1. At 0.692 mPa s and 37 °C, plugging the Kirkwood radius over alpha-carbon pairs of the chain into Stokes-Einstein gives what diffusion coefficient in µm²/s?
2. Which of the aspartates and glutamates could a cross-linker span from LYS198 if the Cα-Cα distance has to be under 16 Å and same-chain partners fewer than 8 positions apart are dropped?
3. Around ASN33, which amide H atoms from residues at least 5 apart in sequence, or from another chain, sit under 5 Å from its own amide H, with H modelled in the peptide plane?
4. If you keep only loop residues by DSSP, which GluC sites (Glu not before Pro) in region 209-306 have at most 13 other Cβ atoms within 10 Å of their Cβ?
5. Taking θ = phi - 60°, what integer Hz values does the Karplus form 6.51 cos²θ - 1.76 cosθ + 1.60 yield along region 4-10, in sequence order, with x for Gly and Pro?
6. Could you order peptides 269-278, 253-262, 290-299 by the average number of other Cβ atoms within 10 Å of their residues, highest first?
7. How large is ³J(HN,Hα), in whole Hz, for each residue of region 276-286 in order, when computed from phi with the Karplus curve 6.51 cos²θ - 1.76 cosθ + 1.60 and θ = phi - 60°, using x for Gly and Pro?
8. If you count, for each residue, the other Cβ atoms within 10 Å and average over each peptide, how do 133-140, 200-207, 75-82 line up from highest to lowest?
Amino acid sequence: MEKISYLGHTLTRWRVGQSTFLALPEMGARLMNWNLTLGDGSVRDVLYWPELTSLENFHHVRGGNPILFPFNARSYDHSDFQFWRAPDGVRRPMPMHGLARQGDFRVTHADAYGFTALFLPGAEAQASYPFDYEFMVRYRFEPLGLICELSLNNLGHTPLPWSAGHHFYFTVPWTEGLTRGDYIIRIPATRRVRHDPKGPLVSGPELRETESLANPELSDTIHLGLRENTVVFGERGNAGDVMVQIGTARVPAPDATFVTWSESTTAPYYCVEPWMGPPNAPENKVGLHFVEPAKTQTFTVAIAIR
């Protein structure tokens, strides 16, 4: 573990076996980059991070792994975007992807294998999610993978709603000369939906369990009803697949969600996003979880290269 300077900020770098991880835990608990040193000495970026000249608008950077809390993607209240209605009946603001990715964190633990960071709710968070809680992000780094735990501890007296997730920007393609058409993904889902611009979930495309990453129908698709908890993608016929595991049970809850997305067909990344549930969970009541008073819930995601 070492500190390095980057665009006027101090980052932390971990080297664990073949893997190097770079993060700025104090800003959004953001893991920025993960790369592997291969046997021939070359370096493969697993998590994409763009070349920047400034960290202004850091939370809007398309790269690394933004943390999505308390809710994923878009929230609505009766078709009004960036609002939500809590069980107490009060309508409140809720930014796109929630509050954590643009929020401040305090590192509570760091060692040679990762870190734990505590969310420090500011004025925006207090207006949008005015409850008594602790939200923690814990990363554990491994030679060929990582584990990330999102934990919500309810310090209040009423059940606390949430449906959090991750927005991993995976580098694709990772081999020079290849295109997305050389990559396939296996998603063991039984139901696929999209998010209507007004908030509801609507029927999604008919997809096979294994698809090419070049299939445009994959982008912005929500995959539910998972028969297994692992999605695998990589180059046809080559080693080095990425495995993304959601939760710790072999078969996750029916509302457990993977989202596949990319900004464009030429973007140097492809997002495979494990979520507790689909967008707009408070209104659609799909994938919405409640933490009882004095209890803690944890959402665990693991990624490995094989």
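Throughout, read-outs are computed from the coordinates displayed, never taken from laboratory work. What you are looking at is a predicted structure, and each value in this text was computed from that prediction instead of being measured. As a convention, Cβ positions derive from the backbone with ideal geometry for all residues, glycine included, and neighbour counts pool all protein chains shown.
1. It comes out at roughly 167 µm²/s.
2. Output for LYS198: ASP77, ASP80, ASP220, GLU283.
3. Hits under the 5 Å cutoff: LEU22.
4. Of the GluC sites (Glu not before Pro), the ones in loops of region 209-306 whose Cβ has at most 13 other Cβ atoms within 10 Å are GLU209, GLU263.
5. 9, 8, 7, 6, x, 10, 10
6. Top of the packing list down: 269-278, 253-262, 290-299.
7. With coefficients 6.51, -1.76 and 1.60, one gets 5, x, x, x, 6, 4, x, 8, 7, 6, 10 Hz.
8. 133-140, 75-82, 200-207
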